Amino acid sequence: MSRTPRTVKAETSKAGPSKAGTSTAEPVRHIPVLLAEVLAALTLDRPGLAVDGTFGAGGYTRALLDAAPEIQVIAIDRDPTAIRSGAGLLDASAGRLRLVQGRFGDLDTLIAEQDEAQADWVVLDIGVSSMQLDEAQRGFSFRHDGPLDMRMGGDGPSAADLLNGEEEATIADILYHFGEERRSRAVARAIVEARRRAPIESTAQLAELIAGVVRPEPGSPIHPATRSFQGLRIAVNDELGELVRGLHAAERVLKPGGRLAVVTFHSLEDRIVKQFFSARSGRAAQASRHLPGVERPAPKSFRLVTKGPVLPSQAETDVNPRARSAKLRAGERTDAPAPPPLSAIETLASLPAPQGRVARR
């Protein structure tokens, strides 16, 4: 389905671009995770075009603009609220920033619509933003009661639509595979029983229902509904599918020598990024008669910049507890043509197919 992106452009200042003032236009509401490590992995040492595929509250975009006055930035976000909140940064950028509403899985198409063929750097910060979690009306969190929405872009079926309309088996699969909730079947059964009496419409209602089924682990600060909320959010926004498409889109747009940095926050995301870089750098297992299911090696389209995941320091997690689970992986584009998409990681982004049915995303 074609999408029409919304682009916001700033008026170009006659004074010309400068590093001063690019990060002081509006208060910082979000602390970008692993920022110093991301900038080091990208190596912003020349003029060029950077793409921030997940603008959010603008933390990485600010840093990209501040890195050098010759760097242009295209920042993408599917959330119209995020795009609107970037107005101050846009005005302060002296024409070096373009904000585009759209999905980062389409970043190659989106930058082409900005008359750009290739990029020098791409950064992706995967998952829900602090801004979204903190706004009760968005329905991402059970810390404050709100409508059970969870849609990042405001379009498509909401979490309430999913819970009140899907089959019990599908709900259980979503909670188990995307939320890693061990008691997924019991939770799904409780959801179906509850919706027979009345629709499930609020975050507090759902959290209370789950807490009646999933017992908290002794001494754990994690709420019993945490994993289920994660699974629902991932399903509603097709976050893993978007990640797979974003990795392949970045591969297509990066120039030889261009760099891709990806920050993930849970094992499902990191597994996809790890397998992508492993396959594209030639580190994945090779196809043979003993491993018939393994994809045949393609030309190496990336060189690994990080040999393993880069983790936040203790100092960073002390200041920003949300950084605890973050992992950074990065690679440098070679001059090999972009191979076809990897079906192995596409499978990781999908629910397993029920017998006799096609896999669902």
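The values are calculated or read from the model by the stated rules, or taken from the named source; none is laboratory data. The shown structure was predicted, so the numbers you read here are calculated from the model rather than taken from an experiment. All Cβ positions, glycine included, derive from the backbone under ideal geometry; neighbour counts span all protein chains shown. We work out accessible area using only protein heavy atoms, side chains counted, and drop any ligands, DNA or RNA first. Shrake-Rupley method; radii C 1.70, N 1.55, O 1.52, S 1.80 Å.
Taking the residues in segment 198-213 that are part of a loop (DSSP other than H, G, I, E, B) and hydrophobic (A, V, I, L, M, F, W, C) as candidates, determine which candidate is surrounded by the fewest Cβ atoms within 10 Å (Cβ to Cβ). Show your work before the answer.
Here is the first cut: in segment 198-213, the residues part of a loop (DSSP other than H, G, I, E, B) are 198-201, 212-213.
Going one step further and asking which of them are hydrophobic (A, V, I, L, M, F, W, C), we end up with 198, 200, 213.
On the way: ALA198: 9, ILE200: 19, VAL213: 19.
Only one residue tops the list, namely ALA198.
Could we say that ALA188 is without any contact (Cβ under 8 Å) to a residue 40 or more places away in the chain, part of a helix (DSSP H, G or I) and either surrounded by 24 or more Cβ atoms within 10 Å (Cβ to Cβ) or within 24 Å of the chain's Cα centre (by Cα) (or both) here?
yes
So, of the residues in segment 220-239 that are more than 19 Å from ALA169 (Cα to Cα) and not in a helix (DSSP H, G or I), which turns out to be modelled with the highest pLDDT? Reasoning before the result, please.
The initial filter retains those residues of segment 220-239 that are more than 19 Å from ALA169 (Cα to Cα), namely 220-224, 226, 237, 239.
Add one more test, that the residue is not in a helix (DSSP H, G or I), and what stays is 220-224.
Numbers: SER220: 79, PRO221: 79, ILE222: 84, HIS223: 88, PRO224: 93.
Top of the filtered list is PRO224.
Using the structure shown, decide if ASP106 is at pLDDT 95 or above, at positive phi and open to solvent by 30 Å² or more (accessible area, probe 1.4 Å). Show your work before the answer.
On the way: at pLDDT 95 or above: yes; at positive phi: no; open to solvent by 30 Å² or more (accessible area, probe 1.4 Å): yes.
Considered against the rule, which asks whether it is at pLDDT 95 or above, at positive phi and open to solvent by 30 Å² or more (accessible area, probe 1.4 Å), ASP106 comes out as no.
Which residues, counting only those in segment 214-238, are buried (at least 18 other Cβ atoms within 10 Å of the Cβ) and among the hydrophobic types (A, V, I, L, M, F, W, C)?
VAL214, ALA225, PHE229, LEU232, ILE234, ALA235, VAL236
For segment 314-338, which residues satisfy the criterion of being open to solvent by less than 80 Å² (accessible area, probe 1.4 Å), at pLDDT below 95 and in a loop (DSSP other than H, G, I, E, B)?
Residues satisfying the conditions are ASN320, SER325.
Assess whether GLN118 counts as being more than 18 Å from the chain's Cα centre (by Cα), open to solvent by 50 Å² or more (accessible area, probe 1.4 Å), of a type outside the set (A, V, I, L, M, F, W, C) and at pLDDT below 95.
Here the answer is no, as GLN118 does not meet what is asked.
Checking the condition farther than 25 Å from GLY154 by Cβ and among the hydrophobic types (A, V, I, L, M, F, W, C), which residue from ALA172, ALA235 passes?
When all the criteria are applied, what remains is ALA172.
Need at least 1 residues that are touching a His at 6+ places or on another chain (Cβ under 6 Å), within 23 Å of ALA261 (Cα to Cα) and aromatic (Phe, Trp, Tyr) per element, so show me which helices (runs of 4 or more DSSP H) inside segment 80-121 make the cut, counting only ones lying wholly within it.
Values: elements: 80-85, 87-92, 107-112.
Of the helices (runs of 4 or more DSSP H) lying wholly inside segment 80-121, none has at least 1 residues that are touching a His at 6+ places or on another chain (Cβ under 6 Å), within 23 Å of ALA261 (Cα to Cα) and aromatic (Phe, Trp, Tyr).
Working only within segment 173-183, note down all residues that are touching a residue at least 40 places away in the same chain (Cβ under 8 Å) and surrounded by 19 or more Cβ atoms within 10 Å (Cβ to Cβ).
ASP173, ILE174, LEU175, TYR176, HIS177, PHE178, GLY179, GLU181
For residues that are within 23 Å of MET152 (Cα to Cα) and assigned to a loop (DSSP other than H, G, I, E, B), scanning just segment 38-76, find the one that is nearest to the chain's Cα centre (by Cα).
Selected residue: THR54.
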